[in-house]
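> One structure is given below, represented as structure tokens, and several questions about it will come after.
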Amino acid sequence: MNILAIESSCDEFSVAILKDGKVLSNIISSQIEQHKEYGGVVPELASRLHVQNFHWVLDEAIIEAGIKLEELNYIVYTSNPGLIGSLIIGKIVAQTLAQYLKIPLLPLNHLHGHVYSAFIENDIEFPAVALITSGGHTEIILMKDHLEFETLGQTQDDAIGECFDKVAIKMGLTYPGGPAIDKIAKISNESKYKIPKPRDINEYDFSFSGIKTGSINLLHKLKQSKTELDLNSFAYSFQKTCVEYVIEKLEKAVKKYEPKFVILGGGVSANSMLRNKFQEMAKENKIKSIIPKHEYCTDNAAMMGMLGYRTIIKLRK
Ligand code: KG4
Ligand code: ZN
């Protein structure tokens, strides 16, 4: 079964081709450089760049996979959630291909795709609990079987990556803020600043607006009082607060649902402290932990293809 998958929900346009659930190609065009000067993703610019880029991404994915268009059996694409202009470009490309080739077209959920990134190179047993952390999402999902997604908790305001990006800009760092904070936090390894954690809304839900505003206010106060800022330690303190907060919630879910596997996904999973604490937590609770390789953690079409593969198998039964 040959699947062509398209992911275009935010600022990446990606096309992947999978043969019987194995990734043959996964081409990603990232727009980070173009959005950098605005300090974040500009939705209108993202859709315009998708229009410019989809041709070569599609061509490269087909060439690298070494298959002919006529050999494709299904087209799958991200239909939600995401930036509406970006999603529409992906949908139009997917629909055009499916109509031209006269093959079925399948709309898929982006968050479920992030969970399935862990299934690309691993045999995962159920139940499994996934923590998805990215620029747009912070969510804990329980899976009792393939395609059974139960959202245990999610952010009620900002996503963790968004919080890193916004605080980093106020710290004078460049977009994307996550890698920038991660890098300088390693120089410090010392928590000199007290970053306020949000009040617990409920067991598994998150709130990052308190951490964001608290951090920005603290930066302002230090500036006003002309206190010298230890930027590296500030990065460390902020990162530690965010990471411990998500791991605490994840551990609660792990203790309650006793999964066989725990999965970390989304772009923020590149964070060194998050990876360490995630693995430590899994070890202490004696469960297997999976962090997909970086290419499959950030937005990519291979994860959508993997989700599509499982969905099609189920539909065929
Ligand atoms: O999954 P992703 O590529 O796109 C979205 O769907 O949002 O995630 C991008 C996010 C950005 O907010 C970026 O700052 C964050 O992931 N990120 C990191 C690190 N690398 C990327 N956050 C913390 N530490 C990192 N090393
Ligand atoms: Zn994403």
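> What are the pairs, 6+ residues apart or on separate chains, where a residue within the stretch 3-27 that is basic (Lys, Arg) has its Cβ under 9 Å from a residue that is away from ligand 2 (no atom under 16 Å from the Cβ) and assigned to a strand (DSSP E or B)?
Hits for this filter: Lys19/Asn2; Lys19/Ile3.
> Find all pairs meeting these conditions: Cβ atoms under 9 angstrom apart; at least six residues apart or on different chains; first residue within the stretch 206-222 and not assigned by TED's automatic domain parsing to the domain that holds Phe238; second residue modelled with pLDDT of 95 or more.
none
> Another question, if that's okay. Check Lys223, Lys256, Lys192 and return the single one that is in a loop (DSSP other than H, G, I, E, B), more than 23 Å from the chain's Cα centre (by Cα) and either away from ligand 1 (no atom under 13 Å from the Cβ) or more than 19 Å from Ile291 (Cβ to Cβ) (or both).
Step by step, each of Lys223, Lys256, Lys192 is checked, and only Lys192 is in a loop (DSSP other than H, G, I, E, B), more than 23 Å from the chain's Cα centre (by Cα) and either away from ligand 1 (no atom under 13 Å from the Cβ) or more than 19 Å from Ile291 (Cβ to Cβ) (or both).
> Tell me which of these Asp165 doesn't satisfy, since it passes every other one: (1) crowded, with 20+ Cβ neighbours inside 10 Å; (2) without any contact (Cβ under 8 Å) to a residue 60 or more places away in the chain; (3) farther than 21 Å from Val262 by Cα.
Asp165 satisfies all of (1) crowded, with 20+ Cβ neighbours inside 10 Å; (2) without any contact (Cβ under 8 Å) to a residue 60 or more places away in the chain; (3) farther than 21 Å from Val262 by Cα except (2).
> How many of the residues making up the stretch 137-178 are in a helix (DSSP H, G or I) and away from ligand 2 (no atom under 16 Å from the Cβ)?
Total meeting the criteria: 6.
> Being in contact (Cβ under 8 Å) with a residue 60 or more places away in the chain, assigned to a loop (DSSP other than H, G, I, E, B), over 22 Å from Met1 (Cβ atoms) and away from ligand 1 (no atom under 16 Å from the Cβ) is true for just one of Glu125, Glu121. Which residue is that?
Glu125
> Same structure again: What's the total number of residues in the stretch 45-66 that are farther than 19 Å from Asp299 by Cβ and surrounded by 17 or more Cβ atoms within 10 Å (Cβ to Cβ)?
Residues flagged as farther than 19 Å from Asp299 by Cβ and surrounded by 17 or more Cβ atoms within 10 Å (Cβ to Cβ) within the stretch 45-66 amount to 2.
> If the requirement is being more than 18 Å from Thr133 (Cβ to Cβ), polar (S, T, N, Q) and surrounded by 15 or more Cβ atoms within 10 Å (Cβ to Cβ), which of these qualifies: Asn217, Asn232, Asn202?
Exactly one of Asn217, Asn232, Asn202 is more than 18 Å from Thr133 (Cβ to Cβ), polar (S, T, N, Q) and surrounded by 15 or more Cβ atoms within 10 Å (Cβ to Cβ), namely Asn232.
> Would you confirm whether or not the stretch 61-75 contains a residue that is touching a Phe, Trp or Tyr at 6+ places or on another chain (Cβ under 9 Å), within 30 Å of Lys166 (Cβ to Cβ) and among the aliphatic types (A, V, I, L, M)?
The answer is no, given that none of the residues of the stretch 61-75 is touching a Phe, Trp or Tyr at 6+ places or on another chain (Cβ under 9 Å), within 30 Å of Lys166 (Cβ to Cβ) and among the aliphatic types (A, V, I, L, M).
> Of the residues Thr96, Thr133, Thr174, which single one is buried (at least 21 other Cβ atoms within 10 Å of the Cβ), of a type in the set (Ser, Thr, Tyr) and either closer than 30 Å to Leu222 by Cβ or more than 11 Å from ligand 1 (Cβ to nearest atom) (or both)?
Thr133
The values are calculated or read from the model by the stated rules, or taken from the named source; none is laboratory data. This one's a predicted model, so the numbers in the text were calculated from it and none came from an experiment. Here Cβ is always computed from backbone atoms with ideal geometry, including for glycine, and neighbour counts include all displayed protein chains.
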